[in-house]
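For reference, the structure is listed below as structure tokens.
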Amino acid sequence: MLYAPAPRVVELRQKLLRFMDECIYPNEKRMEEETKAHGWNPHPLMEELKAEARKRGLWNLFLPESERGAGLSNLDYAHLCEIMGRSPLLAPEACNCSAPDTGNMEVLERYGTEAHKKQWLEPLLEGKIRSAFAMTEPAVASSDATNIRTEIKRDGNDYVINGHKWWISGAGDKRCKIMIVMGRTNPDAPKHAQQSMILVPRDTPGVKVIRPLPVMGFLHEPEGHWEVKFENVRVPASNILLGEGRGFEIAQGRLGPGRIHHCMRLIGMAERSLEMMCKRALARVAFGKTLAEQGVVRDQIAKSRMEIDQARFLVLNAAHMMDTVGNKAARAEIAMIKVVAPNMALAVIDRAMQVHGAGGLTEDFPFAHMWAWARILRQADGPDEVHTEAVAKIELSKHLPPRPKH
């Protein structure tokens, strides 16, 4: 098997599968029903699951190349992240492996000062707080991050931030204590040196959380996606990450792992959907035959199997390249999976919904939630079109005549 898991990963995988069977799947309905009563308040069940995951050694499995993580490579983590993706609303957070915290922890680990790590990274790794990442803006096409207009202006020993963001995951979560904000520090600098990233404590005066944004009718409490305004928000100059003009550098370091984590979880969603589709097809009878005996359903099952395995290979290959040649050299592979995985998952989930008939459209089954998450990921961390363009440019560059040597 290409990219077969290492022995330690096999052991962790077995632990994680037991955790899913014993703790996650049995609690999905309870979490869904009780969240409606708790609303935006964190659910106590999640803290119970986090404690159990930690006890079983299933904690902070991401964060490669860091002694603070589990010591796993991107490829190692891919095999585990896929399993957590089978229950996207429960399992990743239970193992302290959910976005946006994973990406923010990687930013703090790679680019933060020792003071930043002490104040923010350590409590995030402990699961004591949560975080948000504020990049996208409603007034501009944020797929081109050079459009971002939030201002970050130096004023003595402080920076003052003014701007309007939206689709900020977790900004309204009561556990959210720190936000990483991207904005312009110098509009006159070269295009990719205008932007910077800065740490903004969630309770800083002037941070105004406006409203939650439903996704296909789901609010995804208690984390959700939020619209946020920054009105004369003042933070110490020491909160800048790496220095002025380094925002794009940090964004690339953050978004590479974040994109592949999303794709790993999408494989898990699709795999679970296919399993449920097969079980339903074998159990249901229509027109004198089980659905599994109907040619059209068999075609849907076969297509799903082939598409999942194709996408999984691409994801594992991208993870392997990130580990061996680095994120920059793997940019084409990361871009490819970011297009392939969400579209594959949407197709497989849709087929599973269809095979489940009218029931597949209800919240009696997980498909509606999973479909909404997969659809988000055709936009989040860059839309399909941006990644497709990147792949085309890289491919065309292979066939350009060599530049003359001077």
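General remarks:
- Within the chain, the proportion of C-alpha pairs whose separation exceeds 27 Å stands at 52%.
- Taking LYS393, LYS177 and counting other C-beta atoms within 10 Å, the order from fewest to most: LYS393, LYS177
- Volume per residue for region 130-246 equals 94 cubic angstrom (convex hull of Cα atoms).
- FRET efficiency for the GLU231 to LYS118 pair, using the beta carbon distance and R₀ = 25 Å, is estimated at 0.30.
- Taken over region 248-397, the alpha-carbon convex hull comes to 109 cubic angstrom per residue.
- Extension reserve of the ASP158-ALA37 stretch, reckoned as 0.36 nm per residue once the Cα distance is removed: 39.4 nm
- Spatial separation of Cα centroids for region 170-195 and region 58-99, in angstrom: 25
- As a rough guide to protection, the peptides 183-189, 90-96 ranked by mean Cβ packing within 10 Å, highest first, stand as 90-96, 183-189.
- In this rough spin-label picture, where each label sits 7 Å from Cα along the Cβ direction, the THR388-ALA4 distance is 3.8 nm.
- Gap separating the Cα centres of region 261-291 and region 105-145, nearest whole Å: 36
- Taking the square roots of 5 times each eigenvalue of the Cα gyration tensor of region 7-125, largest first, gives ellipsoid semi-axes of 24, 19, 11 Å.
- Fewest-first sequence of LYS29, LYS50 by Cβ atoms within 10 Å of each Cβ: LYS29, LYS50
- Only aspartates and glutamates eight or more places from LYS15 in sequence, or on another chain, were considered; those with a Cα closer than 13 Å are GLU52.
- Given R0 = 56 Å, the distance between the Cβ atoms of ILE210 and GLU22 translates into a calculated FRET efficiency of 0.90.
- Nitroxide proxy distance, nm - points 7 Å out along Cα→Cβ at ARG56 and LYS405: 5.8
- Amide hydrogen neighbours beyond the local backbone of TRP226, cut-off 5 Å, H modeled: TRP167, ILE168, SER169, GLY170, ALA171, LEU213
- Charge context of ARG331, other residues only, Cβ under 15 angstrom, K/R +1, D/E -1: 0
- Straight-line cross-link partners of LYS405 among the lysines, defined as a Cα under 25 Å from its Cα and at least 8 positions apart when in the same chain: LYS328, LYS393.
- Among TRP373, TRP59, sorting on how many other beta-carbon atoms sit within 10 Å of each Cβ, with the fewest leading, yields TRP59, TRP373.
Any read-out appearing in this document is the output of simple, stated calculations on the displayed coordinates, not a laboratory observation. Computed from a predicted model, the values in this text were never measured in an experiment. Reconstructed Cβ throughout: ideal geometry from the backbone, glycine too, with neighbour counts over all protein chains shown.
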